[in-house]
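The values are calculated or read from the model by the stated rules, or taken from the named source; none is laboratory data. Note that the structure is predicted; figures quoted are calculated from it, not measured. Ideal geometry is used to build each Cβ from the backbone, glycine not excepted, and the neighbour counts take in all protein chains shown.
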Amino acid sequence: MDFGLKSFLTISDGRKEPAPQPLKQALKQLAKVNRNLSTKQRGSNNRRKARKNLARLHRTIANRRKDFHFKLARNLAHNYNAIAIEDLNLSGMKALWGRKVSDLGFGGFVSILEHQATKTGCSIVKIDRWFPSSKLCSSCGIINEQLSLRDREWACDCGLVHDRDLNAAINIQRAGASALGLGDVRPGSNPAIAV
Ligand SMILES: [Zn+2]
């Protein structure tokens, strides 16, 4: 599976898991409360109140995030025998995507998933973070060097139009299967997915 901001994760079988709306709402609210706090005078009652609000909101977010992570991790560990993910480069992701990465808590999610997986016997395979999962066409194997972060879809010269996240997830799945000795990873060895 592939992690992202639009979909929290995309699985090679086509399943997409968006970050839940209550978490997104709380994150929006957080930005507002932070702005509000910055307008209050130091040492004032209003500032104290605003800080209390902020602390409460941080707790709400942490709880919602944890709840989302646990439910999803448990579900995945029960439904799949093996899961391949990219070895996340969290500092690199933060540089690219900003603080949204910490807000969504990918690193924390992976720890929870690994823990749940030990309970169900699901294998977690981490793929080298330099593996070009997004740029590689999962059908013909060509690498699209022109792909930018903004491209949600891209058309390969071989004729296929890819959903960026799904294409990456398929490539990660193949690399994971290969690492586990479960199959051939040559591009094109699985039926191509036309979008
Ligand atoms: Zn192609």
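List of remarks:
- When residues of the range 69-95 are limited to those that are out of contact with any Leu (no Cβ under 6 Å at 6 or more places or on another chain), of a type in the set (A, V, I, L, M, F, W, C) and in a helix (DSSP H, G or I), the one nearest to T118 (Cα to Cα): A77
- Within the set V33, V110, the sole residue that is β-branched (V, I, T), within 30 Å of L182 (Cβ to Cβ) and surrounded by 14 or more Cβ atoms within 10 Å (Cβ to Cβ) turns out to be V110.
- Unmet requirement for A82, which otherwise passes all of (1) under 13 Å from L9 (Cβ atoms); (2) at pLDDT 95 or above; (3) touching a helix residue (DSSP H, G or I) at 6+ places or on another chain (Cβ under 7 Å): (1)
- The lone exception for S189 - which of (1) modelled with pLDDT of 95 or more; (2) loosely packed, with under 13 Cβ neighbours inside 10 Å; (3) more than 21 Å from F8 (Cβ to Cβ) it fails: (1)
- In the range 137-153, the residues that are at positive phi and free of Cβ contacts under 8 Å to residues at least 60 places away in the same chain reach residues that are surrounded by 10 or more Cβ atoms within 10 Å (Cβ to Cβ) and not basic (K, R) with C-beta atoms within less than 7 angstrom, at least six apart or across chains, in these pairs: G141/P187; G141/G188.
- Residues in the range 10-28 that are closer than 17 Å to S138 by Cβ and not basic (K, R): 5 in all.
- Residues that are part of a helix (DSSP H, G or I) and surrounded by fewer than 18 Cβ atoms within 10 Å (Cβ to Cβ) within the range 113-132 comprise E114, H115, T118, K119, T120, listed in sequence order.
- The residues of the range 148-166 that are within 21 Å of the chain's Cα centre (by Cα) and buried (at least 18 other Cβ atoms within 10 Å of the Cβ), listed by number, are W154, H162, D163, R164, D165, L166.
- Positions within the range 1-55 being assigned to a strand (DSSP E or B) and more than 18 Å from F70 (Cβ to Cβ), in sequence order: D2, T10, K16
- Boolean, A175 is within 16 Å of the ligand (Cβ to nearest atom) and either modelled with pLDDT under 95 or buried (at least 16 other Cβ atoms within 10 Å of the Cβ) (or both): no
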